[in-house]
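Participant: What follows is a single structure, and I will ask about it in a moment.
The values are calculated or read from the model by the stated rules, or taken from the named source; none is laboratory data. These numbers were taken from a predicted model, which means no experiment stands behind them. Every residue, glycine as well, gets a Cβ built from its backbone with ideal geometry; the counts of neighbours run over all protein chains shown.
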Amino acid sequence: MSDEINLEIITSRSTVYSLEDLCRIAGKNSDWVGSLLEYEVIVSDVDGNKFSYDQLHITLKALRLQSDLELNTAGVALALQLIDTIEQQDQELRRLRHLS
């Protein structure tokens, strides 16, 4: 499948997406999305087939990391964890600077 992102069905933060929606938007097959689930890059609802806007956003970040940096799924998972840690530390630093 193509690395082009299909943005036609991204509507709002309250939209719930199916596995098929994620595949179509990312231009990837269900095995690729399944690997993101396996490495806990994204999580689905209890039924395993519905995804929030936030999970879609993470999926698209993973796609860009994999495409731009040629990372495998484990590398994408690690990169996203590091990015999240940096963002949290940056927020904490801004909060502490604001208090002083």
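Participant: Go through region 32-58 and count every residue that is within 15 Å of Ser18 (Cα to Cα) and either more than 12 Å from the chain's Cα centre (by Cα) or not β-branched (Val, Ile, Thr) (or both).
Facilitator: Number of matching residues: 18.
Participant: Inside region 76-100, can you point out the residues that are of a type outside the set (S, T, N, Q) and either closer than 14 Å to Trp32 by Cα or outside any helix (DSSP H, G or I) (or both)?
Facilitator: Of all residues in region 76-100, those of a type outside the set (S, T, N, Q) come to 76-80, 82-84, 86-87, 90, 92-99.
Of everything in region 76-100, those that are of a type outside the set (S, T, N, Q) and either closer than 14 Å to Trp32 by Cα or outside any helix (DSSP H, G or I) (or both) turn out to be Val76, Ala77.
Participant: Step by step: first the residues of region 62-75, then only those that are of a type in the set (A, V, I, L, M) and in a helix (DSSP H, G or I), then the one that is surrounded by the most Cβ atoms within 10 Å (Cβ to Cβ). Which residue is that? Lay out the reasoning, then the answer.
Facilitator: Filtering region 62-75 down to residues of a type in the set (A, V, I, L, M) leaves 62-63, 65, 69, 71, 74.
Checking the rest, the ones that are also in a helix (DSSP H, G or I) come to 62-63, 65, 69, 74.
Working: Ala62: 25, Leu63: 20, Leu65: 19, Leu69: 10, Ala74: 12.
Only one residue tops the list, namely Ala62.
This table checks each residue for (1) within 22 Å of Ile83 (Cα to Cα); (2) surrounded by fewer than 19 Cβ atoms within 10 Å (Cβ to Cβ); (3) in contact with a Cys (Cβ under 9 Å, 6 or more places away or on another chain).
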position	(1), (2), (3)
Cys23	no, no, no
Gly34	yes, yes, no
Glu38	yes, yes, no
Val41	yes, no, no
Asp47	no, yes, no
Asp54	yes, yes, no
Leu60	yes, yes, no
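Participant: Quick check on my filter: what residues within region 73-100 are of a type in the set (A, V, I, L, M), modelled with pLDDT of 95 or more and over 13 Å from the mean Cα position of the chain (by Cα)?
Facilitator: Ala74, Leu82, Ile86, Leu93
Participant: Can you name the condition, by its number, that Lys61 falls short on among (1) touching a helix residue (DSSP H, G or I) at 6+ places or on another chain (Cβ under 6 Å); (2) within 16 Å of Cys23 (Cα to Cα); (3) at pLDDT 95 or above?
Facilitator: Here Lys61 clears every test but (1).
Participant: Is it true that some residue in region 76-86 is surrounded by fewer than 16 Cβ atoms within 10 Å (Cβ to Cβ) and more than 23 Å from Ser44 (Cα to Cα)? Give the steps one after another, and end with the answer.
Facilitator: Of the residues in region 76-86, the ones surrounded by fewer than 16 Cβ atoms within 10 Å (Cβ to Cβ) are 78, 81-86.
Now narrow it down to the ones that are more than 23 Å from Ser44 (Cα to Cα): 86.
Within region 76-86, one or more residues are surrounded by fewer than 16 Cβ atoms within 10 Å (Cβ to Cβ) and more than 23 Å from Ser44 (Cα to Cα).
Participant: Tell me, please, whether a residue that is in a loop (DSSP other than H, G, I, E, B), among the hydroxyl-bearing types (Ser, Thr, Tyr), at negative phi and modelled with pLDDT of 95 or more can be found in region 23-42.
Facilitator: Looking through region 23-42, at least one residue is in a loop (DSSP other than H, G, I, E, B), among the hydroxyl-bearing types (Ser, Thr, Tyr), at negative phi and modelled with pLDDT of 95 or more.
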